[in-house]
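Scroll down for the structure; my scribbles are underneath it.
Only the coordinates and a few stated rules stand behind these numbers; no lab work does. Owing to the predicted nature of the structure, the values given are computational and were not obtained by experimental measurement. All Cβ positions, glycine included, derive from the backbone under ideal geometry; neighbour counts span all protein chains shown.
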């Protein structure tokens with residue numbers, strides 16, 4: 001019983017996948033990533049310390065509580081070995 | 001038979017672990033991360049688009065070829081589920 005599926009998951013999943021295996025070139029895998037790192041990365045996208053247009057657009061309309069739920073979701077997914085490009 | 005162990009691996013391993021499982025709060029896991037993302041992240045630390053003092057210090061003395069070997073090493077490691085803090 002991990003975290004409940006976040007309501008805003010679809011916004012992230014287009015690039016990062018529903019379980020954190022990236023679906024787009026340039027997007028990182030998030031499955032099993034450390035929660036503190038994910039929280040910090042989202043805060044940096046929010047305040048501009050990390051400047052990536054797609055992430056700025058993505059986090060803009062999402063509340064802090066929703067961002068935290070998304071970070072917890074991805075951190076709780078089991079990382080899976082994958083073929084590398 | 002993955003990539004050969006990079007000569008400069010110790011520089012990264014203090015925080016990210018030898019096989020990419022983070023050893024320090026705030027450091028991300030790198031095991032199995034997408035190679036394109038790792039290469040881009042290193043380029044961003046090199047040129048300052050991503051500003052993190054410890055990473056700027058770490059990549060400063062490392063050649064581009066060495067950075068690429070490190071990115072390939074970590075991308076090739078199998079991600080492992082871990083206890084989250």
Per residue of B:20-32, what is the mean number of Cβ atoms on other protein chains within 10 angstrom of that residue's Cβ?
4
Over the residues of region A:32-77, compute the C-alpha Rg and express it relative to 2.2 N^0.38 Å.
1.07
For the residue B:56, residue B:78 Cβ pair and Förster radius 35 Å, calculated FRET efficiency rounded to 0.05 is 0.75
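For peptide B:49-57, compute the average count of partner chain beta-carbon atoms within 10 Å of each residue's beta-carbon.
Across B:49-57, the average partner-chain Cβ count within 10 Å equals 2.
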By what distance, in whole Å, do the Cα atoms of region A:1-59 stretch along each of the three principal axes, largest value first?
34, 24, 19
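Below 8 Å, C-alpha to C-alpha, sequence gap of six or more: please give me the relative contact order for chain B in percent. Before the final figure, lay out each step's value.
On the way: 100 pairs, mean separation 32.3, N = 85.
Contact order relative to length: 38 percent.
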For region B:1-61 and region A:1-56, distance of Cα centres in Å
19
Looking at the protein assembly as shown, what % of the alpha carbon pairs are farther apart than 27 Å?
21
Helix-only mean residue ellipticity at 222 nm, the protein assembly as shown, DSSP H runs n ≥ 4 weighted -39,500 (n - 2.57), per residue, nearest 500. What is it?
-14500 deg cm²/dmol
Counting only other chains, what is the mean number of Cβ atoms within 10 angstrom of the Cβ of each residue in peptide A:71-79?
2
